[in-house]
Amino acid sequence: MLIDAKEAFAPPSEDALIAQVKMGDQQAYAQLYTLHVKRVYALCLRLLADKEHAEDATQEVFVQLWHKIASFEGQSQFSTWLHSVTSNIAISYLRKHKNWLQKVVSFEQSGMDEQSATDCQGLNGLDKLVLRLPERARMVFVLHAIEGYRHEEVATMLGMAVGSSKSQYHRAKQLLKEWYENE
Amino acid sequence: MSKPDFETFLAESINNSETQIAPQKDLWQGIEKAISNPATKQRESSMWPKLAGIAACSVAALLSVQLVFNSSAQNTSVAMSDFFAEQKQTLLVQYQNQPALTDNWQQQLTELEDAERAIKQALENEPENPALLKMLAQVYQQQLDLINKVHAPKWQTI
């Protein structure tokens with residue numbers, strides 16, 4: 001029987017990899033990691049606006065994913081599910097790493113400074129502006145405008161009122177507009 | 001050529017926002033290590049530092065509520081300094097027999113202590129400046145994070 005070379009040497013499909021990972025195959029997980037790490041890291045960087053934190057959070061995503069993947073039933077696309085897992089982990093990462101004074105007095109973290117944002121490789125023009133936004137405005141903007149969550153969902157994820165999510169989005173847009181027009 | 005108006009720029013950027021960015025570090029090694037080691041073992045070994053951290057945060061939260069609402073800003077910085085000096089000392093004693101992952105962490109700590117001194121000096125002139133108080137708290141937090149990180153690393157390989 002002849003074997004189709006293309007078929008025999010083609011990389012396994014994502015579904016096949018997921019099935020292998022569910023059975024505890026770490027090599028398959030390494031391939032799944034390679035397929036998705038750049039998207040996961042990009043989302044973490046947008047949400048956290050800090051390279052080191054984004055690297056830590058990316059690791060946390062893939063460690064938790066290893067334990068959670070059994071609960072992925074294929075009802076949505078894997079990448080959609082992974083984005084949702086990543087968003088939630090990045091948000092809880094940010095909560096965990098706030099220092100005690102920020103937690104008590106609600107100091108808002110400013111975004112990345114202009115020079116560092118400009119120096120970030122691989123980002124498009126909008127991303128470079130988004131990284132400069134203050135924390136709450138940035139999170140809302142990324143989740144609502146880029147990731148496509150509704151304000152109700154964003155509010156639940158970030159533990160804020162729906163009105164606050166809307167006003168932070170408006171604030172983010174105003175700042176982005178100002179920076180874009182003054183560039 | 002003139003640039004597009006903001007709304008057009010926004011819409012186009014969001015439509016093309018499937019950005020993929022490669023992290024500069026190899027993160028897989030740390031992930032592989034974390035998923036290969038039984039989590040329980042890791043949890044057991046790091047239980048006491050975590051408990052100490054939780055206790056410190058709880059005390060810090062109570063202390064800061066007290067300070068923010070009942071004291072002047074000058075008292076805040078003094079009490080903050082006392083509290084962190086104690087926390088730092090506790091961590092240094094706790095990790096004194098544990099090897100650090102980097103050789104230059106004490107140099108990094110000295111740099112943070114220099115920053116702490118500079119901020120305290122500025123606070124003498126402006127004791128109620130919230131930005132300075134925030135910076136002081138951040139520098140203290142960075143010192144504690146540094147001591148913890150070099151002695152109790154998570155997954156990232158340094």
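Throughout, read-outs are computed from the coordinates displayed, never taken from laboratory work. Since the model is a prediction, treat every value here as computed from it, not as a measurement. With ideal geometry, Cβ positions are generated from the backbone for all residues, glycine too; neighbour counts draw on all protein chains shown.
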Going by how many other beta carbons lie within 10 Å of each one, how would you line up A:Met112, A:Met139, A:Met160, fewest first? A:Met160, A:Met112, A:Met139
Flagged as over-length at 26 Å C-alpha distance, from A:Lys51/B:Lys120; A:Lys166/B:Lys149; A:Lys38/B:Lys88; A:Lys166/B:Lys3; A:Lys96/B:Lys88, the pairs are A:Lys51/B:Lys120; A:Lys166/B:Lys149; A:Lys38/B:Lys88; A:Lys166/B:Lys3
For a quick check of your reading of the filter: which GluC sites (Glu not before Pro) in segment A:40-84 sit in a DSSP loop and have no more than 10 other Cβ atoms within 10 Å? A:Glu73
Please list the equivalent ellipsoid semi-axes of segment B:75-155, computed as the square roots of five times the alpha-carbon gyration tensor eigenvalues, in descending order and whole angstrom. 26, 12, 10
Quick one: give the max-minus-min coordinate of the C-alpha atoms of chain A along each principal axis, largest first, in Å. 68, 35, 28
Just to check I understand the Karplus step: with θ = phi - 60° and J = 6.51 cos²θ - 1.76 cosθ + 1.60, what whole-Hz values come out for segment B:132-145, glycine and proline as x? 5, 4, 5, 4, 4, 4, 5, 5, 4, 4, 4, 5, 5, 4
Counting Lys and Arg as +1 and Asp and Glu as -1, each charge on the Cβ, what is the dipole of segment B:75-155 about the Cα centre in debye, to the nearest 20? 300
Let me check against my output: what whole-number percent is the relative contact order of chain A, with C-alpha pairs under 8 Å and at least 6 apart? 17
Across peptide A:55-67, what mean number of C-beta atoms from other chains lies inside 10 Å of a residue's C-beta? 5
Calculate how steeply helix A:78-96 sits against the longest principal axis of the alpha-carbon atoms of chain A, using the helix alpha-carbon long axis, and give the answer as 0 to 90 degrees to the nearest 10. 40
